[in-house]
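Structure first, commentary second.
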Amino acid sequence: MKKKTLKFIDLFAGIGGFRLAFEKAGYHCVYSCEINDHCRQVYYDNFGELPDQDITKIIPKNIPDFDILTAGFPCQPFSICGKREGFKDTRGTLFFHICEIIEVKKPKVIVLENVKHLIHHQQGKTLETIIYALEDLGYLVDYKLLNAKDFGVPQNRERIIIIGTLNKKFNFDLIDIQKNVPSLRSFLDQKGNFEYLDPKEYTLIQEPKKQLSGLIFIGYRNKNIWKKGIRPNTEHLSRVHRQPNRIYSIDGVHPTLPSQETSGRFFIYIPEENAVRKLTLKECYRIMGFPDDFIIHSSTAEAYKQIGNSICVPLFKEVAIQLKEQIFQQEQSQDISFQKNIDQFNCKSLNLQLEITGMTIMNHREKLLELYDLSAEVSNIQDLIPSNYIDYINVIATNCKKQKGVYTVLITLLTHKILNPNQDIRYHQKNLPGGFSGRTIDTQYITPTLKELGLPAMAESGWLTRSLEQPYPYTLDYNGNISNKKVKEAFLNLIDFVETYPNNTEIILKILFSEVRKITEANKIKIIKLNNPEKFDIATIVNCLDYHFNFNYKTHGASKLPVLAFYAIYQQLIQEVERYKSCQLNPLGSHTASDRTSKTAGDIEIIGNRKTLLEVIEIKQGKPIDLQIIRIAKDKIIKFNPRRYCIFSSANIKVEQSELIEQEIKKIRETHGCQIIVNGIIPTLKYYLRLLTSVENFINNYSNLVESDPELQAIHKIKWNEILFQLEI
């Protein structure tokens with residue numbers, strides 16, 4: 001069956017940067033719109049299609065059906081930011097017309113691009129309103145600053161990318177960032193009619209340094225300077241404040257090409273010639289990722305303006321590829337469900353491997369589940385593996401909780417090797433020779449399946465561990481700093497073994513699963529049930545919880561306990577309390593990720609009846625609430641847009657910061673319309689327990705969560721059993 005061609009529309013199309021990127025990734029453009037006549041002419045010259053002219057006059061229902069909406073829309077202020085009327089807040093702006101099209105056509109994906117400044121525009125209100133408008137239309141929204149230099153072109157050009165999806169949130173972390181940034185040198189013409197500066201027109205600085213951005217500022221033009229009020233010997237500094245006066249080395253990257261510079265005053269230093277010249281127009285287009293045969297405008301000034309207004313083509317090609325892999329791949333694979341056909345025709349007994357171009361019959365999740373089921377009995381295959389490699393497997397299994405990253409990456413690589421025996425799994429990143437994206441496979445298939453099986457698992461991916469994400473192959477001399485040397489030795493030797501003896505990969509993975517199952521079973525503690533829990537008053541229950549949270553465990557994981565207690569309470573609140581009855585709880589995530597890297601708004605998320613985030617609970621066990629915690633909460637509020645954000649801590653507010661904290665909370669409420677509630681863990685539990693009709697249900701909920709939570713250690717479960725046993729005496 002032929003794969004469906006994904007369709008997109010190109011709004012605020014400019015000269016067609018989005019179209020170039022998405023067509024390179026295999027998408028088909030069905031509609032375009034651009035108001036500027038000069039841009040429309042260039043668009044026609046290159047694509048044979050004249051875009052519609054004015055978005056305000058478009059009748060949305062007349063646009064052909066499409067899967068993705070793309071738009072590099074102008075940044076405009078919203079006059080009624082913060083009124084929380086959804087996309088109606090955007091009335092009077094061009095963005096409102098984008099929302100109108102979205103509301104009528106309901107594309108699966110929205111891709112928006114804007115300047116970096118949008119994040120701070122109107123103190124963040126503009127971005128907040130955009131996100132809220134898209135969420136009001138039913139989309140899961142996230143954004144990130146991406147830089148052109150990370151996608152194979154030598155230009156330091158940061159832009160905010162906003163992506164909205166209907167069913168599954170887009171994960172920016174899976175975008176393939178190139179580690180090696182190319183220099184401007186490799187993008188220059190060797191011959192041409194170059195425009196050089198006379199040596200008298202510029203000054204080169206001594207010992208120029210490469211900045212973190214990749215720029216090497218090497219000199220400035222000797223233009224007229226402002227002398228009034230300038231300190232002696234600093235007159236030259238006034239020259240470098242304006243980009244047209246700066247000169248950059250071709251051994252670094254180039255700064256952002258602005259649309260305002262219509263004279264093309266982008267000056268570069270060529271060390272081999274000891275000369276300074278302007279970038280040519282073709283070179284400007286090249287460092288934006290445009291092909292050399294792209295037809296540009298006949299007016300030089302207009303051509304410079306147009307490329308400065310355009311987008312980095314390779315960056316959006318990678319976004320388009322990731323959209324296919326993350327959002328559309330699963331949907332399309334359902335159209336050709338070969339495994340179901342095999343089941344229907346009772347072909348389970350046939351040992352067939354069917355291959356169809358671009359398709360794998362069994363995906364990583366299915367293969368993982370199959371091998372897990374087969375790992376219940378492995379005594380008949382253990383003798384097939386040398387004893388020293390059995391020892392290596394035991395090292396990984398024994399450390400599957402402490403070294404979850406290594407264990408998860410190994411399972412990912414072994415599973416991929418079984419499905420793709422010709423792939424050298426040591427080359428785990430796309431930018432390595434013949435490599436593949438192990439992280440993508442882990443995030444989409446392996447980690448979710450391990451969680452489903454109740455096995456140790458990372459919050460998102462083993463490749464988020466710094467020692468494993470290094471851009472080097474997992475050869476025996478791998479330099480990644482895996483802290484446990486025995487684990488590192490076992491990890492690298494097992495990978496080396498399956499590359500040497502690929503037919504043994506399934507056996508290795510089955511034995512590994514068998515050992516991990518034993519360890520997981522040994523850690524399973526059955527929580528006892530109280531015979532008559534209703535006889536205990538709230539004060540007794542709270543004292544038990546307080547003791548359970550704060551016992552000196554001498555191991556990690558106890559900070560998850562108050563999170564489970566609040567989750568158990570909310571399980572009842574959404575059934576019993578009127579204001580929560582139409583709400584739902586998001587599943588509990590990992591409590592090990594830092595606040596900055598976590599992909600959720602908080603430890604507990606309550607979704608309102610309009611599928612928007614109503615309330616967030618963040619638990620700080622043993623951490624006093626300070627200004628930094630409030631500011632991190634502010635970032636989450638801007639990104640996820642909840643109505644209430646609760647921070648409960650077992651420690652007090654930092655007294656010396658209490659006034660500043662109060663002012664910041666008030667400012668956040670006035671600016672972003674979100675109420676931040678700060679309180680102690682135990683006082684809040686007392687209050688919530690009074691709202692519940694049944695203490696018994698709460699105790700049962702909490703006990704079930706403690707029993708099943710994979711991040712808790714056995715001691716945490718044993719201690720709760722001891723507490724319950726003491727209550728029964």
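Computed from the coordinates by the stated procedures, all read-outs in this text should not be read as laboratory data. Small disclaimer: the values here were computed from a predicted structure and weren't measured. Glycine also receives a Cβ, built like all others from the backbone with ideal geometry; neighbour counts cover every protein chain displayed.
Below, the figures for the structure above:
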{"item": "Contour minus Cα-Cα distance for Asp173 and Asp292 (0.36 nm per residue)", "result": "39.7 nm"}
{"item": "Distance (nanometres) between label positions extended 7 Å along Cα→Cβ at Glu662 and Asn422", "result": "7.1"}
{"item": "Order of Arg690, Arg277, Arg365 under a 10 Å beta carbon neighbour criterion, fewest first", "result": "Arg690, Arg365, Arg277"}
{"item": "Cross-link partners of Lys200 among aspartates and glutamates (Cα-Cα below 19 Å; sequence separation of 8 or more within a chain)", "result": "Glu235, Glu272, Glu273"}
{"item": "Prolate/oblate/rounded call for the range 360-523, Cα gyration tensor, a/c under 1.5 rounded", "result": "rounded"}
{"item": "Full-extension gain in nm, Asp391 to Gln329, via 0.36 nm per residue minus C-alpha separation", "result": "18.4 nm"}
{"item": "Residue pairs, from the table Lys599/Lys666; Lys116/Lys639; Lys367/Lys430; Lys451/Lys485, whose Cα atoms sit over 24 Å apart", "result": "Lys599/Lys666; Lys451/Lys485"}
{"item": "Partners for Lys524 among aspartates and glutamates (Cα-Cα distance below 17 Å; same-chain residues under 8 apart left out)", "result": "Glu452, Glu515, Glu707, Asp709, Glu711, Glu722"}
{"item": "Structure-based [θ]222 nm, the chain - -39500 (n - 2.57) summed over DSSP H runs of at least 4, per residue, nearest 500", "result": "-11000 deg cm²/dmol"}
{"item": "Computed E for His28/Glu273 - FRET, C-beta separation, R0 35 angstrom, nearest 0.05", "result": "0.15"}
{"item": "Set of lysines near Lys488 by C-alpha distance (under 19 Å), chain-local residues within fewer than 8 positions excluded", "result": "Lys401, Lys402, Lys404"}
{"item": "Among (i) 28.7; (ii) 32.2; (iii) 29.5, the entry derived from the coordinates for Kirkwood radius over Cα pairs in Å", "result": "(iii)"}
{"item": "Rough spin-label spacing in nm, given labels placed 7 Å along Cα→Cβ, for Thr300 and Asp537", "result": "8.9"}
{"item": "Relative contact order, percent, the range 138-178 [alpha-carbon distance under 8 Å, six or more residues apart]", "result": "46"}
{"item": "Inter-label distance, nm, simple model (7 Å from Cα along the C-beta direction), Gln122/Thr475", "result": "5.6"}
{"item": "Nearest-0.05 FRET efficiency for Leu374 and Asp496, computed from C-beta distance (R0 22 Å)", "result": "0.35"}
